[in-house]
Protein chains: 2
Amino acid sequence: LTNPRSAVVRNASRLATRAFRHEHRRFLAEGAQAVREALAGASVGEVKVHDLFVDASVDRHAELLGAAASLGIDVHVCSERVMAELSDTVTPQGIVAVADFIDRPLASVINGGTSLVALLAEVRDPGNAGSVLRAADAAGADGAVFSSSSVDVYNPKVVRASVGGLFHVPTAIELPVAEVVAAAKSAGMRVFAADGSGSVNLDDLEREGRLPQPTAWLFGNEAWGLSEETLALADEVVRIPIYGRAESLNLATAATLCLYASARAHRKS
Amino acid sequence: LTNPRSAVVRNASRLATRAFRHEHRRFLAEGAQAVREALAGASVGEVKVHDLFVDASVDRHAELLGAAASLGIDVHVCSERVMAELSDTVTPQGIVAVADFIDRPLASVINGGTSLVALLAEVRDPGNAGSVLRAADAAGADGAVFSSSSVDVYNPKVVRASVGGLFHVPTAIELPVAEVVAAAKSAGMRVFAADGSGSVNLDDLEREGRLPQPTAWLFGNEAWGLSEETLALADEVVRIPIYGRAESLNLATAATLCLYASARAHRKS
């Protein structure tokens, strides 16, 4: 493939826009790591991969191309110019897959068997959102939910920053926060909102033995946090203790501390 | 000030390069938050601020300008063109201070009274390095050390990502890792290297009561981690437990978990 205007390239490259992604319910998984996750999902029937594009770096990706071929996925060897069209990064990583959306209905993410989920309420920064998914994955969370007005979970920067998290953590998207919180409560979970205004701090919560129960963590926007209405929905507003002079932590590090505190407590009990 | 070529502007703008910064031992603190920290330091004699540049956003920064004036600091109201010369960001924040370096000798960062320090070994990414400083600040660490071959702590991106951490956490720079580890050990500290290859995991270390002692955490490069030689210097190599399917966490979130685990243990004991 050398023609950036061919139909297959044009359709794939248009997945760079949110509107086109959501119209066709397909997204781009870029880089060897994301492609490997997509193919692993395809091999167990969890992810539908349509096309795989690879540039002159074919040799480096021999294993992935073999896996794709054996799954019957169309592999397109393409020029650098075509790859540049498909890539979100300044330095294209040489391999991109087109896959169907993998988000799930809310009931498959939050239900009676769920013990730990991350709820992202109007998180807008793709790097932060992806890092929270990565932390949720590392902490062994059962799921994640992106509220309405959050960044698109299929934004290439979110996919990249999640380093596989999007493929590992069952995720629901575009839901009103109130509906998600209600689902968590009906499923018997405690809902903790992470916010600097919290009356209880995370370490005390852990010491008081209040973390072993099934928990949904609510994380807010990187600039303005959680709205008053959202805070009011939570069972408890929890702050990260600041032992030094810092004003706060960033969203991804704060979320990591909360999710790991729950993960520790769940495994201890 | 409207002339980007005037001596005061030229000298300040050249602080964008590491070589010029280190020759003159001065750096740029950009944005209201960094300027506020610099002036707070100046008011207690801990930071020497030479010049303050502000653009048409004078009104927004009235409080800071008042503080600067009362400290006898030269305030330069300047054009947008001049501000663009001084700014590291695409959207200049309208206020920049020129301050003397604030790093300290190793003995003032690590000594008999130190209970928690972060040691950054060849960390190259400014965002990660700044985030580790911010986490060290939040966790109440007594200090931080940037090894030789690490990113410059006065790189504007490090200063910005530290969100005040550089001003709050006593920091030593440009030291061989072996010398820093030796100093920590002589000061009676345990040296824990954070690395995915660790034989013990952080949660077990906490459960086994091995965290209350004075601790120096060694954090490695974001791409290749810690070298074999550096790992061999540590008393223990500690991994973050991964409860899900993620391969790893990023440097800043891993460092946050380690520093907070120590901070909790130090306060419990």
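Take every Cα pair under 8 Å in chain B that's 6+ residues apart, average their separations, divide by the length, and report that relative contact order as a whole percent. List each step's numbers first, then the result.
Working: 554 pairs, mean separation 49.7, N = 269.
18 percent.
A cut-off of 5 Å between modelled amide H atoms, ignoring neighbours fewer than 5 places along the same chain, links B:His50 with B:Val98, B:Ala99, B:Asp100. Evaluating 6.51 cos²θ - 1.76 cosθ + 1.60 at θ = phi - 60° for every residue in segment A:147-163, the Karplus couplings come out as 5, 3, 6, 8, 4, 5, 5, 8, 4, x, 6, 5, 4, 5, 5, 6, 6 Hz, glycine and proline recorded as x.
Against the main long axis of the alpha-carbon atoms of chain A, helix A:32-43 sits at an angle near 90°. Ranking A:His61, B:His24, B:His76 from most to least accessible surface, computed with a 1.4 Å probe over the protein chains only, gives B:His24, B:His76, A:His61.
Taking the longest Cα principal axis of chain B as reference, the axis of helix B:126-138 is set at about 70 degrees. Taking θ as phi - 60° and the Karplus parameters 6.51, -1.76 and 1.60, the scalar couplings of segment A:82-94 work out to 5, 4, 4, 5, 8, 8, 8, 9, 5, 10, x, 8, x Hz in sequence order, x denoting glycine and proline. Projected onto planes of every orientation and averaged, the convex hull of the alpha-carbon atoms in the protein assembly as shown covers 26.6 nm². Across B:Ile173, B:Ile73, B:Ile95, mean-square fluctuation computed from a Gaussian network of chain B (C-alpha pairs under 10 Å connected) peaks at B:Ile73. As a length-normalised measure over Cα pairs under 8 Å and 6 or more apart, the relative contact order of segment A:111-188 settles at 37 percent. From its DSSP helices (H runs of at least four residues, each -39,500 (n - 2.57)), chain B gives a residue-normalised ellipticity at 222 nm of -11000 deg cm²/dmol.
Listed values for segment A:203-216 are Karplus-derived 3J(HN,Hα) couplings in whole Hz (6.51 cos²θ - 1.76 cosθ + 1.60, θ = phi - 60°), namely 5, 5, 4, 5, 5, 7, x, 9, 9, x, 5, x, 9, 10, and x replaces Gly and Pro.
Counting Cβ atoms of other protein chains within 10 Å of each residue's Cβ and taking the mean over peptide A:133-143 gives 5. Computed as a quarter of the hull surface, the mean projected area of the alpha carbon convex hull for chain A stands at 15.1 nm².
Which of the peptides B:159-169, B:223-233 is most tightly packed, and how do the rest follow, judged by the mean count of other Cβ atoms within 10 Å per residue?
Details: B:159-169: 24.7, B:223-233: 14.5.
Ranked by mean Cβ neighbours within 10 Å, highest first: B:159-169, B:223-233.
Highest average first, the peptides A:207-219, A:250-262 ordered by how many other beta carbon atoms sit within 10 Å of their residues are A:250-262, A:207-219. Amide hydrogen proximity for A:Leu218: with H placed 1.01 Å from N in the peptide plane, the residues at 5 or more positions away or on another chain lying under 5 Å are A:Leu119, A:Phe192, A:Ala193, A:Ala194.
Take each residue of peptide B:235-243, count the partner chain Cβ atoms within 10 Å of its Cβ, and average: the result is 3.
Given a 1.4 Å probe and no ligands, DNA or RNA in the count, how much accessible surface is buried by B and A, both sides, to the nearest 100 Å²? For B against A, buried area totals roughly 2900 Å².
Assuming a viscosity of 1.567 mPa s and a temperature of 4 °C, what translational diffusion coefficient in µm² per second does Stokes-Einstein assign to segment A:33-184, Rh being the Kirkwood radius over Cα pairs?
Once the numbers are plugged in, D ends up at 80 µm²/s.
Need one number for segment B:175-269: average projected area of the convex hull over its C-alpha atoms, nm². Working shown, then result.
Details: hull surface 25.0 nm².
The directionally averaged projection comes out at 6.2 nm².
Taking every residue in A:167-177 and counting other chain Cβ atoms within 10 Å of its Cβ, the average works out to 1. Close amide H partners of A:Asp125, meaning residues 5 or more places away or on another chain with modelled amide H under 5 Å apart, are A:Glu222.
Treating each Cα of segment B:36-100 as one equal point scatterer and applying the Debye formula with no solvent, the log10 of I(q)/I(0) at q = 0.26, 0.28 Å⁻¹ comes out as -1.14, -1.25.
Extent of segment A:87-169 along its three principal axes (Cα atoms, max minus min coordinate, largest first): 44, 23, 23 Å.
The values are calculated or read from the model by the stated rules, or taken from the named source; none is laboratory data. Model, not experiment: these values are computed from the prediction. With ideal geometry, Cβ positions are generated from the backbone for all residues, glycine too; neighbour counts draw on all protein chains shown. In case anyone asks, the SASA skips ligands and DNA or RNA and just uses the protein heavy atoms, side chains included. Shrake-Rupley method; radii C 1.70, N 1.55, O 1.52, S 1.80 Å.
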